[in-house]
Amino acid sequence: MPKHFQSILDFTPDELKYTLALAGDLKNARRARLTTPHAVTLAGRTVGLLFEKPSLRTRVTFTIGINELGGSVVDIPSDVMHADREPLHDVARNLERWVDAVVIRTFAQARLSIFIESAPALRIVNALSDEEHPCQALADMQTLQERWGSLTGRTLAFVGDGNNVATSLVHAALMLGATVRIATPKAFALPPEVTAAAAKVATGGAELKQYVDPKEAVKGADAVYTDVWTSMGQEVEYAERTKIFSRYQVNEALMARAKPDALFMHCLPAHRGQEVTDEVIESPASVAFDQAENRLHAQKAMLVALFKDRG
Ligand code: CP
Ligand code: NVA
């Protein structure tokens with residue numbers, strides 16, 4: 001298993017499947033209030049949470065998850081990252097002396113690489129960067145497996161911005177054999193390196209297909225996924241993006257083009273009336289809160305995988 005979790009691409013398809021199976025086991029055990037051997041995986045370990053952007057789900061689920069694996073959590077205030085205080089590599093080298101791992105939510109993903117290069121004893125987890133949100137994709141895959149058993153041969157449509165959530169979704173879904181159709185305005189398509197990587201990791205004939213027209217992308221899909229049009233850090237573009245993305249709203253008319261039993265997915269937070277209507281997110285098709293719940297189980301499984309059999 002990999003030492004760090006910066007990206008879904010850190011996992012092989014088999015490692016991803018192993019982690020998801022473990023996530024299912026941990027969820028069942030928690031529901032039955034059973035203690036598992038994993039309850040001591042992080043015994044004697046401390047994990048730092050360093051978030052440079054707001055968070056509800058990621059922060060709370062990591063805090064609970066680390067505690068349930070027997071570890072201690074330390075919340076590191078984001079002001080320690082202010083560039084004029086001390087260089088990022090010194091922050092990393094200090095933390096390396098006290099904690100075993102750091103869960104980081106940040107801007108450029110390159111900031112995670114600085115941590116990894118400067119502090120080789122630390123394990124680093126990407127809790128969302130401008131480019132990727134791999135913890136979200138783990139929970140999304142768990143949610144779909146719960147509904148469908150397997151993703152092989154399924155079709156997911158992602159509608160909106162070709163952003164961090166879309167990128168990790170594409171990586172994970174293609175690895176598990178699902179085709180992803182993504183509809184974005186031309187200027188907001190997935191970066192070319194994401195499409196190239198996706199083609200390399202795809203299994204079972206899965207493909208990434210890019211569209212501009214959301215109606216085309218959604219036609220006959222098994223699930224429809226959307227995320228905010230303006231991600232954290234892009235707030236100055238809010239007015240312009242709201243105009244550009246208005247035809248990408250997931251509403252009942254758009255959902256009607258997908259399969260009759262299609263699921264609706266959203267990583268949350270959602271902006272009702274923008275990327276999704278209230279009717280759709282509150283409909284029986286919506287699994288948004290299952291996704292949120294599964295953040296806890298999937299991240300616990302990922303931490304067990306990272307720390308398994310390591311001194
Ligand atoms: N989906 C998600 O990452 O939520 P938070 O931003 O609240 O952590
Ligand atoms: N794309 C969103 C996801 C939030 C969980 C953002 O980066 O703000």
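Listing for the model above:
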read-out: Matching residues in the stretch 33-62 - criterion: being under 14 Å from Leu296 (Cβ atoms), open to solvent by 40 Å² or more (accessible area, probe 1.4 Å) and within 16 Å of ligand 1 (Cβ to nearest atom); value: Leu56, Arg57, Arg59, Val60
read-out: Evaluation of Ala110 against (1) without any contact (Cβ under 8 Å) to a residue 12 or more places away in the chain; (2) touching a Gly at 6+ places or on another chain (Cβ under 6 Å); (3) of a type in the set (A, V, I, L, M) (one fails), failing number; value: (2)
read-out: Test: residue in the stretch 262-271 that is at pLDDT 95 or above, away from ligand 1 (no atom under 16 Å from the Cβ) and at positive phi; value: no
read-out: Hits in the stretch 93-106 (condition: acidic (Asp, Glu) and open to solvent by less than 10 Å² (accessible area, probe 1.4 Å)); value: none
read-out: Qualifying residue in the stretch 241-248 (condition: within 24 Å of Arg57 (Cβ to Cβ) and either within 16 Å of ligand 1 (Cβ to nearest atom) or assigned to a loop (DSSP other than H, G, I, E, B) (or both)); value: yes
read-out: The lone exception for Leu190 - which of (1) under 27 Å from Val47 (Cβ atoms); (2) in contact with a Ser or Thr (Cβ under 7 Å, 6 or more places away or on another chain) it fails; value: (1)
read-out: Criterion violated by Tyr238 - all others in (1) open to solvent by less than 20 Å² (accessible area, probe 1.4 Å); (2) within 16 Å of ligand 2 (Cβ to nearest atom); (3) assigned to a helix (DSSP H, G or I) satisfied; value: (1)
read-out: Pair list, Cβ < 6 Å and 6+ apart or interchain, from the stretch 217-241 residues that are acidic (Asp, Glu) to residues that are within 12 Å of ligand 2 (Cβ to nearest atom) and part of a helix (DSSP H, G or I); value: Asp227/Val165
read-out: Residue within the stretch 108-127 that is within 11 Å of ligand 2 (Cβ to nearest atom) and either crowded, with 22+ Cβ neighbours inside 10 Å or modelled with pLDDT under 95 (or both) present; value: yes
read-out: Exclusive hit being surrounded by fewer than 17 Cβ atoms within 10 Å (Cβ to Cβ) and within 25 Å of Glu131 (Cβ to Cβ), set Asp10, Asp90; value: Asp90
read-out: Tally, over the stretch 280-298, of residues that are in contact with a strand residue (DSSP E or B) (Cβ under 8 Å, 6 or more places away or on another chain) and not β-branched (Val, Ile, Thr); value: 5
read-out: Criterion violated by Gly48 - all others in (1) farther than 26 Å from Ser231 by Cα; (2) more than 16 Å from the chain's Cα centre (by Cα); (3) outside any loop (DSSP other than H, G, I, E, B) satisfied; value: (1)
read-out: Only listed residue being open to solvent by 10 Å² or more (accessible area, probe 1.4 Å), within 28 Å of Leu20 (Cα to Cα) and within 16 Å of ligand 2 (Cβ to nearest atom), chosen from Ala199, Ala292, Ala288; value: Ala292
read-out: So Glu275, is it within 16 Å of ligand 2 (Cβ to nearest atom), of a type in the set (Asp, Glu) and open to solvent by less than 10 Å² (accessible area, probe 1.4 Å); value: yes
read-out: Residue pairs meeting the criteria (Cβ under 8 Å; at least 6 apart or on separate chains; first closer than 14 Å to Asp100 by Cβ and open to solvent by less than 40 Å² (accessible area, probe 1.4 Å), in the stretch 63-76; second among the basic types (Lys, Arg) and in a loop (DSSP other than H, G, I, E, B)); value: Gly70/Arg45; Gly71/Arg45
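The values are calculated or read from the model by the stated rules, or taken from the named source; none is laboratory data. Values in this document were obtained by computation on a predicted structure and should not be read as measured data. Please note: Cβ atoms are built from the backbone with ideal geometry, for glycine as well, and neighbour counts cover all protein chains shown. Heavy atoms of the whole protein, side chains included, go into the accessibility calculation; ligands, DNA and RNA do not. Shrake-Rupley method; radii C 1.70, N 1.55, O 1.52, S 1.80 Å.
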